[in-house]
């Protein structure tokens with residue numbers, strides 16, 4: 001009735017974070033329980049009136065629905081629900097409700113093969129390496145494998161214990177939830193949600209050997225790649241679709257260009273974009289760092305700066321003198337981190353763009369823009385202050401003890 | 001919405017009152033309206049709810065969130081346009097409406113309601129002083145003649161609406177000035193009558209013919225209903241002369257208390273007492289005015305009319321005033337989660353109660369019933385009462401609780417039962433079970449009685465109610481009449 005849920009001013013304290021207003025909330029879980037009892041009771045009454053014994057018998061009975069007459073309102077006049085309430089002409093034996101179990105074909109999933117071939121690694125921790133063909137009908141490749149690994153090794157396996165080289169097109173959610181110790185090395189391209197929820201594994205996608213184009217101008221993964229990825233790394237030798245690294249929460253990713261809304265709602269992790277981004281980059285971004293290679297100097301116009309600041313990527317030496325240590329991302333210099341990402345990217349994908357940038361590093365570095373969320377900067381400072389307060393207190397106590405002696 | 005966080009920042013403030021000693025000296029209004037800053041802050045408290053309950057809680061469906069916002073923005077001119085679009089006479093309702101909108105206000109659920117009435121009051125007072133209230137002349141005349149019988153708020157609203165779409169309207173009033181209960185029921189200290197006079201001028205400028213002192217039909221013999229008519233006109237004449245007749249005569253028959261001793265002198269209906277004072281205030285000479293000076297007054301009835309009797313008696317200089325209410329004393333604060341957004345039952349203490357109590361004159365009695373009027377030499381001297389209890393909706397007397405309360409003047413303010421029957425009978429209009437004119441409020445054929453071209457609206461149709469309901473019915477009935485005359489109507493419903 002208020003419809004002010006978006007203003008933080010909910011007067012009964014439901015849709016608000018304001019402590020003063022939240023005090024006004026007087027609801028209890030029991031009220032909800034009560035409410036549902038009433039609904040159930042009323043449903044029973046209506047069913048009894050209709051002469052229906054079981055809930056299942058009501059499903060699909062659009063013939064029992066009718067428009068209430070006599071509602072005198074200009075919005076109601078002229079409404080005709082007859083088509084909405086029409087009952088399809090089908091034989092009586094056609095079921096009206098859920099009577100079948102869906103077959104997801106999991107036993108035929110590519111992951112069954114991957115698990116089988118990874119057995120030595122899962123069972124004995126041995127290194128395994130093998131090749132497979134990737135097809136776009138194979139969804140969530142690596143997710144079941146990650147499950148099988150995690151069952152035996154809750155923390156995952158040592159880096160690169162299982163390396164799987166695939167060729168072709170990765171289907172939806174390629175490498176989803178991939179855990180520690182697995183590397184998916186895909187030669188070809190991949191669909192939407194590649195690396196979704198990446199949880200410690202590594203995903204590499206590089207173009208097919210037959211590809212003759214320019215990686216920085218061609219799409220290699222679909223939309224929303226790296227959605228909410230918490231750990232691990234990914235290297236994509238090409239351009240991503242929209243919403244690259246949306247909600248990224250700790251993983252690292254290198255990409256050679258993005259569509260619109262890159263790094264949207266990102267809360268943690270590191271992203272390096274080696275080419276052009278789409279518009280509205282970093283909208284709602286509150287954590288982590290994005291390094292964007294701003295070749296045409298126009299990145300600022302494509303970035304949503306409501307929550308982020310754009311800074312220069314300094315040399316390690318410059319950063320040492322100019323930037324206080326507490327606000328360093330991962331306690332390392334930007335130059336060192338970015339360079340490492342580029343080197344890894346080149347090593348894994350053979351990216352020509354990464355090579356060029358590294359070869360002309362001083363010019364290239366100067367063209368990188370560091371996207372630094374304001375909230376992240378504040379939090380880094382506060383975390384540091386809290387840490388020093390903690391370590392300082394015992395040190396002082398020790399000193400006091402020493403003095404007493 | 002003016003200010004998103006306004007309701008968290010500003011407290012509701014009540015309109016100011018002049019001091020009791022000062023206001024008791026005369027019959028003038030004593031409410032001090034909001035100043036500009038106050039109005040801005042008060043309107044900022046409006047939350048502009050997605051579903052504004054105030055809007056449906058208001059009988060005329062005032063577009064409250066909109067005018068609140070306009071006041072906050074300082075756009076008073078548009079604010080009065082918005083207010084006038086649903087309410088012909090905001091200066092009446094801004095003064096004497098009990099404000100069901102505020103009961104329905106979402107903020108009232110767990111806080112104090114937005115001061116909607118005080119804002120309405122500020123808007124219309126500003127509009128009058130700026131000269132923004134002007135006659136709205138019809139673009140063309142229809143040549144149709146409409147008689148509106150009864151000039152209370154329903155009749156005035158209907159007459160105005162009908163005149164504005166070009167009908168020739170004649171507004172009939174049996175008393176000497178228009179306004180009905182507004183004029184002769186509500187004391188001047190609640191609403192000064194210049195407000196009605198100004199509207200009368202506006203109505204006449206818009207083409208309404210006002211005929212006062214003309215009784216339509218006849219009054220029953222010995223009636224106590226105030227009737228200062230000098231001439232009369234028969235229903236037949238009216239039907240012959242006019243293309244449509246709208247009855248807006250109100251529900252004038254006061255509820256009587258036929259207890260033993262009712263015939264004693266000094267027992268009167270509130271509606272004999274209050275009109276006389278208003279007439280005197282207007283400058284008329286009245287011999288043998290019913291007055292309460294130095295008297296022990298008993299007011300029977302705990303509603304608004306009773307409260308008006310208390311206020312008027314106090315101003316007369318009564319020795320003591322006792323007010324009876326047959327129902328038990330309601331709680332001071334209602335159970336909001338039970339009644340919101342509806343009108344709550346709670347103890348209501350009016351300004352009349354406050355001022356009389358401050359002077360040490362007032363005694364309010366609840367759960368009390370009258371057994372008998374006792375008197376000496378034909379003059380009332382006391383009221384024999386008994387305490388009552390309510391069990392399963394039935395009134396039970398408390399044994400041994402009889403008591404005689406001293407009374408030189410008894411005023412009966414127990415509401416109105418129905419319209420004066422002779423008015424409806426004169427037109428042969430069917431009555432409902434309560435004796436009101438029988439007519440529906442449907443979109444099609446609403447407000448029409450069983451008699452062709454005779455319509456009814458306001459208290460005469462719905463029974464005793466609020467001024468704001470009368471305005472609503474007058475407006476809606478005007479549309480019904482317009483539709484009847486023209487086939488279609490652009491008037492709002």
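Quick check: convex hull of the Cα atoms in the stretch A:127-386, volume per residue, rounded to a whole Å³?
Taking only Cα atoms, the stretch A:127-386 has a hull volume of 118 Å³ per residue.
Taking Cα centroids, how far is the stretch A:173-241 from the stretch A:92-136 in Å?
Each part's Cα centre sits 20 Å from the other's.
Hey, in the GNM for chain A with a 10 angstrom Cα cutoff, which one of A:371, A:14, A:90 fluctuates hardest?
Looking only at A:371, A:14, A:90, the largest GNM fluctuation is found for A:14.
Springs between alpha-carbon pairs under 10 angstrom, Gaussian network model over chain A: which of A:264, A:132, A:42 fluctuates most?
A:42
With viscosity set to 1.567 mPa s at 4 °C, what whole-number translational diffusion coefficient in µm²/s follows for the stretch B:6-130 from Stokes-Einstein and a Kirkwood radius over Cα pairs?
Rounded, D is 89 µm²/s.
Which whole number gives the average count of other chain Cβ atoms within 10 Å of the Cβ atoms across peptide A:317-326?
Mean partner shielding for this stretch: 0.
If a/c stays under 1.5 just call it rounded; otherwise compare a/b with b/c (prolate if a/b is bigger, oblate if not). Do that for the stretch B:132-232, with a ≥ b ≥ c from the square roots of the Cα gyration tensor eigenvalues.
oblate
Identify which of A:321, A:150, A:301 has the largest mean-square fluctuation in a Gaussian network model of chain A, with springs joining Cα atoms closer than 10 Å.
A:321
Within 10 Å of each residue's Cβ, count the other Cβ atoms and sort B:409, A:64 from fewest upward.
Result, fewest neighbours first: A:64, B:409.
Could you pull the Cα extents of the stretch B:256-414 along its three principal axes, largest to smallest, in whole Å?
52, 37, 27
Highest first, please rank the peptides B:164-175, B:223-234 by the mean number of other Cβ atoms sitting within 10 Å of their residues.
The peptides rank, most packed first, as B:164-175, B:223-234.
Can you give me the distance in nm between label points at residue A:306 and residue B:392, each placed 7 Å from the Cα along the Cα-to-Cβ direction?
According to this spin-label approximation, the distance is 6.5 nm.
Calculate how many DSSP beta bridges within chain B are antiparallel, expressed in % of all such bridges and rounded to the nearest 5.
If we restrict to bridges inside chain B, about 35 percent are antiparallel.
Go ahead and run the numbers for FRET between residue A:100 and residue A:47, Cβ-Cβ distance against an R0 of 25 Å, rounding to 0.05.
Result of the calculation: an efficiency of 0.50.
Quick one: length gained pulling residue A:62 to residue A:279 fully straight, 0.36 nm per residue minus the C-alpha distance?
73.5 nm
Of all DSSP beta bridges located in chain A, what percent are antiparallel, nearest 5?
Bridges in chain A that DSSP calls antiparallel: roughly 20 percent.
Quick check on the protein assembly as shown: of the DSSP beta bridges with both residues there, what percent are antiparallel, nearest 5%?
Roughly 30 percent of the beta bridges in the protein assembly as shown run antiparallel, per DSSP.
Kindly provide the helix-only [θ] at 222 nm of the protein assembly as shown, computed as the sum of -39,500 (n - 2.57) over DSSP H runs of four or more divided by all residues, to the nearest 500 deg cm²/dmol?
-9500 deg cm²/dmol
Normalising by the residue count of the stretch A:12-151, find the relative contact order in percent from Cα pairs under 8 Å and 6+ residues apart.
Reported as a whole number, the value is 15 percent.
Taking 8 Å as the Cα distance limit and 6 or more residues as the minimum spacing, I'd like the relative contact order of chain A as a percentage.
This gives 7 percent for chain A.
Peptides B:147-156, B:17-26, A:199-208, B:418-427: what's the order by average Cβ count within 10 Å, highest mean first?
In descending order of packing, they fall as B:147-156, A:199-208, B:418-427, B:17-26.
Place a point 7 Å from the Cα of residue B:441 along the Cα-to-Cβ direction; which residues of the stretch B:19-52 have their backbone N under 13 Å from it?
None, by backbone N distance to the label point.
Nearest 10 degrees, 0 to 90: what angle lies between the long axis of helix A:374-404 and the longest principal axis of chain A (Cα atoms)?
60 degrees
Could you sort the peptides B:77-85, A:22-30, B:248-256 by per-residue average Cβ neighbour count (10 Å cutoff), highest mean leading?
Output ranking for B:77-85, A:22-30, B:248-256: B:248-256, B:77-85, A:22-30.
Between residue A:87 and residue B:21, with labels modelled 7 Å along Cα→Cβ, what's the label distance in nm to one decimal, could you check?
8.3 nm
Is the protein assembly as shown rounded, prolate or oblate when judged by the Cα gyration tensor, a ≥ b ≥ c being the square roots of its eigenvalues, rounded requiring a/c under 1.5 and prolate requiring a/b larger than b/c?
It comes out prolate by the Cα gyration axes.
Using a/c under 1.5 as the rounded threshold, could you call chain B rounded, prolate or oblate? The axes a ≥ b ≥ c are square roots of the C-alpha gyration tensor eigenvalues, and prolate needs a/b larger than b/c, oblate otherwise.
Judged from the Cα gyration tensor, chain B comes out oblate (a/c at least 1.5, b/c at or above a/b).
Just to be sure I understand the curve: with the Debye formula and one point per C-alpha of the stretch B:205-282, what is log10 I(q)/I(0) at q = 0.15 Å⁻¹?
Reported log10 I(q)/I(0), two decimals: -0.75.
Bear in mind these aren't lab numbers, they're just calculated from the coordinates by the rules spelled out. Treat the numbers as computed from the prediction; the structure is a model and nothing was measured. Please note: Cβ atoms are built from the backbone with ideal geometry, for glycine as well, and neighbour counts cover all protein chains shown.
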